[in-house]
Structure formats: structure tokens, C-alpha cells
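What follows is a short report on a single structure.
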Amino acid sequence: MAFSLQSLASPAIAPSILTADLGRLNHEIESAEQAGVDLIHLDVMDGSFVPNISFGPLVVNAVRQSTSLPLDVHLMIEQPERYIGEFAEAGADVITIHSEATLHTHRAIQQIRSHGCQAGIAINPGTPVSAIHELIPLVDLVLVMTVNPGFGGQAFLPEMLNKILMARYAIDAKDTDVRIEVDGGINADTISDARESGADMFVCGSSLFNPEHPISESLQLLRKAIA
Ligand code: DX5
Ligand code: ZN
């Protein structure tokens with residue numbers, strides 16, 4: 001039975017492995033799963049669309065082997081259509097591309113769906129919601145970046161709250177049950193504002209994977225803030 005975002009808990013919390021201890025990735029994934037996260041967020045970066053290089057399909061496949069949680073793959077890469085098949089093969093349940101990364105977003109979303117994956121469209125802080133209006137009926141998820149993409153541990157951009165609201169209005173206006181995911185600087189202080197603005201999926205990197213607190217404690221704090 002293929003994974004559906006509509007069946008995922010709301011709100012849902014997704015740890016980003018970008019800020020995990022990659023030398024102990026299996027352990028980090030297991031701790032996240034035991035703590036009760038809803039899905040795993042994998043930030044793929046190519047050093048061209050964003051000024052950082054992270055990992056590719058091989059790591060997605062390794063994570064696939066170590067958990068049955070849904071894999072939420074965020075492609076921060078140029079011309080993502082070149083690799084959608086490989087990430088689907090590697091075990092992605094959700095594949096999100098950036099509206100700024102290809103001229104043919106509509107076709108790339110169709111390509112994601114043709115591989116049986118849930119489709120997401122992401123917009124950078126400088127990109128308006130209007131840029132993806134035509135795609136809302138086609139996607140399962142809109143990802144509103146709340147930092148400039150490329151690195152974990154950055155500060156949340158509060159001016160994105162209004163954009164989350166705009167995305168919620170645009171989705172409700174099309175009467176579709178598309179999820180809104182936010183990514184970047186989400187922690188116990190910022191998650192409730194993002195929730196109130198209409199987000200229902202939360203990517204958490206440094207607020208979940210940090211050496212000071214066990215992940216179960218950090219997750220509890222986050223869940224309490226949006227209860
Ligand atoms: C930015 C990355 C980060 C990461 C989350 O490109 O996508 O947002 O997932 O990192 P934190 O939660 O530490 O901002
Ligand atoms: Zn991400």
C-alpha cells in the first residue's frame with residue numbers, strides 16, 4: 001500500500017538528518033523512531049542550487065534500510081527531474097522539488113507521481129506563493145522554507161509567517177487537502193507561530209538532533225508547543 005500524506009498524523013514532526021551525527025546515522029534514526037517522530041526528512045543538496053553539498057540516493061537507500069518510517073526527501077538540487085527516478089528507487093515516499101530549480105515544475109511533479117511517490121513543491125523565502133498557485137491541485141505538499149536553504153542551525157525568518165498564511169488560504173481556496181510543511185529554524189519558540197499560521201508538518205534539525213538533550217525530550221517540548 002503506497003504511502004499517503006493524508007494518512008499522516010497532523011501535526012507531524014520530521015527530524016532532518018542534515019543535523020544528525022552522520023557517523024552514527026543508524027543510531028540517530030533509531031532514537032528518532034523510538035522517540036515517536038512521524039517521518040524522516042532528508043535534505044539533498046548539490047552545491048549548486050544551494051551553497052552546500054549533503055548526500056544523494058545512496059544515503060536515502062541506507063536510511064530506507066534502517067527505518068519503516070515514511071521518507072520525506074527534499075531535493076535542493078538544480079534540474080531535479082534528472083534524479084527523481086533514482087530517489088524513488090532509493091525508497092523515497094515523498095519527493096519535494098523547488099519551484100526555482102527547474103523551468104518545468106508541472107512536468108516534474110507529474111514525474112514524481114508517475115513513480116508512485118507523494119509530490120511536494122518548495123518555495124524559497126524570496127519566492128511568493130503565487131508562483132506555485134497552478135501546482136496546488138497537483139501536489140500533496142507545499143514546503144515553505146523558513147530559512148534560506150543550505151544549512152541547518154539558522155534562525156527562523158518571522159516574515160515567513162504571513163507567507164504560510166497565504167499558502168493556507170491558497171490551498172483552502174482550491175479546496176484541496178494539501179499539507180503545508182515548514183523547514184528551517186523550527187524549535188520550541190517558533191513552532192507554535194508556524195502552526196497558528198497554518199503549517200501542519202514541521203522539519204526540525206538542530207532542535208531535535210543536538211548533543212545537549214535527548215531527542216525524546218526535545219520532541220516532547222516541540223509537541224507540547226503545538227498541542
Ligand atoms: C536548510 C535545511 C534545514 C534543515 C533544518 O536547507 O533544510 O532547514 O532541514 O535545520 P534546522 O532545523 O536546524 O534549521
Ligand atoms: Zn529540508
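Bear in mind that the values in this text are calculations on the coordinates, not laboratory data. Remember, it's a predicted structure, so these values are computed and weren't measured experimentally. In this analysis, Cβ positions are derived from the backbone assuming ideal geometry, glycine residues included, and neighbour counts consider all displayed protein chains.
The residues of the range 188-227 that are within 14 Å of ligand 1 (Cβ to nearest atom), in a loop (DSSP other than H, G, I, E, B) and surrounded by 14 or more Cβ atoms within 10 Å (Cβ to Cβ), listed by number, are Ala188, Thr190, Ala199, Gly205, Ser206, Ser207, Leu208, Phe209. Scanning the range 122-156 for residues that are in a loop (DSSP other than H, G, I, E, B), over 27 Å from Asn52 (Cα atoms) and either out of contact with any strand residue (DSSP E or B) (no Cβ under 9 Å at 6 or more places or on another chain) or among the polar types (S, T, N, Q) (or both) yields one hit, Pro137. Identify, please: which residue in the range 141-187 is among the acidic types (Asp, Glu) and away from ligand 2 (no atom under 16 Å from the Cβ) and is, among those, surrounded by the fewest Cβ atoms within 10 Å (Cβ to Cβ)? The qualifying residue surrounded by the fewest Cβ atoms within 10 Å (Cβ to Cβ) is Asp175.
Residues in the range 128-140: is at least one within 16 Å of ligand 1 (Cβ to nearest atom) and surrounded by 15 or more Cβ atoms within 10 Å (Cβ to Cβ)? It would help to see each step written out before you state the result.
Narrowing the range 128-140 to residues within 16 Å of ligand 1 (Cβ to nearest atom): none.
No, there is no match, as no residue in the range 128-140 is within 16 Å of ligand 1 (Cβ to nearest atom) and surrounded by 15 or more Cβ atoms within 10 Å (Cβ to Cβ).
A single entry from Val73, Val50 fulfils the requirement of being touching a residue at least 24 places away in the same chain (Cβ under 8 Å), over 22 Å from Glu217 (Cα atoms) and in contact with a Phe, Trp or Tyr (Cβ under 6 Å, 6 or more places away or on another chain): Val73. For the range 66-88, the criterion of being in contact with a strand residue (DSSP E or B) (Cβ under 7 Å, 6 or more places away or on another chain) and of a type in the set (Lys, Arg) is met by none of the residues.
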